[in-house]
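What follows is a short report on a single structure.
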Amino acid sequence: MSTLKNKIDFLALISVKNANPNGDPLSGNMPRVTYDGLGEISDVCIKRKIRNRWLDMGEDIFVQSDDKRKDEFKSLRDRLSAQKDMGKAQKEGKKDEFSRMACEKWLDVRSFGQVFAFSKGKKKDEELDAGGISVGVRGPVSIHPAFSVDAVTPVSIQITKSVNSETDAKNPDKKSSDTMGMKHRIDFGLYVLKGSVNVQLAEKTGFSEEDAEKLKKALLTLFVNDASSARPDGSMQVHTLYWWKHNCAIGQYSAAKVHGSIEIRRKDGVEEASSFGDYEIVQNELPGLEVEIIDGI
């Protein structure tokens, strides 16, 4: 694989219609909203979706969720312990070698980084005792939380089940308390996802040009195989991906200036946007820096 030599910045426009893009467990799973009323999708949520897309592509991924797991390991510790060569490096205290092998093995580790720190185990066999070493890997791919262009208004509805989960011994006809529930959504929001790839860190983890293409593909297909009750299929869509590849390692412009070259505003006469078409997207040219503009699927 060829080493990444040029800094990359990217920006994606994501529309959400009648869905809960990222529930907040501290607010009863209501859609995340800032104090200014802007909708938010956390960077952790976005990285989870990218990892899921890479799993669908057949890539080796360290941080897998239970509902998307592609191997027999039920914890990160178990997945790490199965790597005998890493176990040898751990026992010999070779952190650099441990990091190199972890980055070579797992795409998400060499992309996002990973902290390998586990509590001391009580295993009696020769498997890796992951508690014996603590290693931090800094990844080259940085993902911002995605925020909506305009304020969003969460909508809540009460839902009921047609059957009881349990019956009351004294009153069999009485419905149990778990028959009632709440469901939350936003009617519409246009979110902006921003990120960058750092060449210096890519050199350390081995993140390559080929890995960058895999990241691009994952971003374009971010919501494929991601449907749920809160996010019905088709309710979330990547409309456009802007991909800047600089001509040097440090970048011709700062990431803030590159991301800021995309201006998004409501079209004249639109007081409240209800679709992607209600916005005007202006791409301001940065001299010497070309942008690849790709439509989402």
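Bear in mind that the values in this text are calculations on the coordinates, not laboratory data. Quick caveat, the model's predicted, so the values are computed rather than measured. Positions of Cβ are backbone-derived with ideal geometry, glycine not excepted, and every protein chain shown enters the neighbour counts.
Before anything else, pin down the relative contact order of the chain: Cα pairs under 8 Å, at least 6 apart, normalised by residue count, whole percent.
30 percent
Could you compute the FRET efficiency for I250 and I159, with r as their C-beta to C-beta distance and R0 at 45 Å, rounded to 0.05?
Efficiency, rounded to the nearest 0.05: 0.30.
Label points 7 Å out from Cα along the Cβ direction at S42 and S208: separation in nm?
In this crude label model, S42 to S208 measures out at 3.3 nm.
If you take the beta carbon distance between D268 and I293 as r and set R0 to 25 Å, what does 1/(1 + (r/R0)^6) give as a FRET efficiency, to the nearest 0.05?
0.60
If I model a spin label at T167 and S229 as a point 7 Å from the Cα along the Cα→Cβ vector, what separation in nanometres do I get?
Using points 7 Å along Cα→Cβ, the separation is 2.4 nm.
How big, on average over all directions, is the shadow cast by the Cα convex hull of the range 31-81, in nm²?
4.6 nm²
In whole Å, what three semi-axes, largest first, describe the equivalent ellipsoid of the range 78-119 built from its Cα gyration tensor (square root of 5 times each eigenvalue)?
Calculated on Cα positions only, the semi-axes equal 16, 11, 10 Å.
K174: which lysines have alpha carbons under 28 Å from its alpha carbon, excluding same-chain residues fewer than 8 sequence positions away?
Counting by Cα, and skipping residues close in sequence, K174 has these lysines nearby: K161, K183.
Check the straight Cα-Cα distances from K7 and name the aspartates and glutamates below 12 Å, setting aside those fewer than 8 residues away within the same chain.
Once the sequence-local aspartates and glutamates are set aside, what remains near K7 is E203, E209.
Tell me whether the range 171-283 comes out rounded, prolate or oblate; compute the Cα gyration tensor, take square roots of the eigenvalues as a ≥ b ≥ c, and use a/c under 1.5 as the rounded threshold.
Taking the square roots of the gyration eigenvalues as a ≥ b ≥ c, the range 171-283 is oblate.
For Kirkwood radius over Cα pairs in Å, several values are listed as (1) 18.9; (2) 20.4; (3) 21.7; flag the one computed from this structure.
Among (1) 18.9; (2) 20.4; (3) 21.7, the one calculated here is (3).
Kindly list the residues of the range 137-161 that lie in the label zone of D24, defined by a backbone N under 20 Å from the point 7 Å along the Cα-to-C-beta vector.
Answer for the range 137-161: 144-158.
Can you work out the PRE-style zone for T34? Point 7 Å along Cα to Cβ, and I want the residues of the range 259-290 with backbone N under 13 Å.
none
Any idea which of V270, L219, G206 is furthest toward the positive side of the dipole for the range 128-283, if Lys and Arg beta-carbons carry +1 and Asp and Glu beta-carbons -1?
Toward the positive end, the furthest listed residue is G206.
I need the trypsin sites (Lys or Arg not before Pro) found in the range 167-250, filtered to DSSP loop residues with at most 14 other beta carbons within 10 Å of theirs.
K170, K174
Looking at the range 74-109, which trypsin sites (Lys or Arg not before Pro) are in a loop (DSSP not H, G, I, E or B) and have at most 16 other Cβ atoms within 10 Å?
Loop-located and lightly packed - K74, K94.
With a 10 Å radius around each residue's Cβ, average the other Cβ atoms per peptide and rank 135-146, 248-259, highest first.
Packing order, densest peptide first, comes out as 135-146, 248-259.
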